[in-house]
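See structure below.
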Amino acid sequence: MFLVRLPCGVVQPLEAILMHILGIVSGGAVNGATVHVVLLYRGLIANGHRVSLLCRPNTWAARRLAAEGVAIIESDLSLQPMAEARRIAGLARLQEVDAIHSHMSRSHNFSLLLRWHSSIAWVATAHTHTWHFHWLLADRVIAVSNSVRRFLMNYALVHPKRIDTVHNSIDWNRFGEALSGQ
């Protein structure tokens, strides 16, 4: 069992620390990142965390997660003017969000503004080998593979101590029929 010392000095088992996570995804259709978001947030909910999803109107991920009780916050994720980032920052503070978790470029850019306006910790997930300035500005970066981790260190110049590798999950239920014959 892992123990964590909270800022107030109290020591708790790691499992007892539940968070409110504001996930942000800009993709509207089904792709690797949006499937990852749905599977990841289902797992977080199953482990007792509270998840809200900020996304564009009527997205595939929002339709899937709304059916499971996730609070959906619709936004165009516009960067200019900054009124939208300020609006979402106020909402995040009001709802006591503990962490911002972004996926995909537009979401990362919006999260940068949101982090600036809210002071809430920001974790960005890197799904591809693409250089973006926001990798350097996120509090933490999650790489979905060791290959993406190496790219972030060698080309995006993210310090290794700020990168965690968390491999994509697999929905075994989708492969049930194929696996049942083995």
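Ordered by the count of other Cβ atoms within 10 Å of each Cβ, fewest first, His129, His101 give His129, His101. Across region 33-111, Cα-Cα distances exceeding 20 Å account for 29% of all pairs.
In a DSSP loop and with at most 12 other Cβ atoms within 10 Å, the GluC sites (Glu not before Pro) in region 79-182 are Glu96.
Charge tally around Val123: other residues with Cβ under 12 Å, Lys/Arg +1 each, Asp/Glu -1 each, net 0. Longest stretch of the chain clear of exposed loop sites (chymotrypsin sites (Phe, Trp or Tyr not before Pro), DSSP loop, at most 15 other Cβ atoms within 10 Å, sites excluded): 3-130. Summing +1 for each Lys or Arg and -1 for each Asp or Glu among the other residues whose beta-carbon sits under 10 angstrom from that of Val51 gives +1.
Of the listed values (1) 16.7; (2) 12.4; (3) 18.3, identify the label whose number matches mean projected area of the Cα convex hull in nm² calculated from this model. Answer by label: (2). When the chain is described by a simple charge dipole with +1 on each Lys and Arg Cβ and -1 on each Asp and Glu Cβ, the residue from His132, Ser26, Asn168 located farthest towards its positive end is His132.
Coupling constants for region 20-34 follow from the phi torsions by the Karplus curve (6.51 cos²θ - 1.76 cosθ + 1.60, θ = phi - 60°), and in residue order they are 9, 10, 9, x, 10, 9, 9, x, x, 9, 6, 8, x, 5, 6 Hz; glycine and proline get x. Using Cβ point charges alone (K and R +1, D and E -1), the dipole size of the chain about the Cα centre works out to roughly 340 debye. Using a Gaussian network model of the chain in which every pair of alpha carbons under 10 angstrom is joined by a spring, one finds that among Pro160, Pro57, Pro81 the greatest mean-square fluctuation is at Pro81. Summing Lys and Arg as +1 and Asp and Glu as -1 over all other residues whose Cβ lies under 11 Å from the Cβ of Leu114 gives a net charge of +3.
The numbers here are math on the coordinates, done by the rules we state, and not lab data. Keep in mind the model is a prediction, meaning the values are calculated, not measured. FYI the Cβ positions are ideal-geometry reconstructions off the backbone, even for glycines, and counts take in every protein chain you see.
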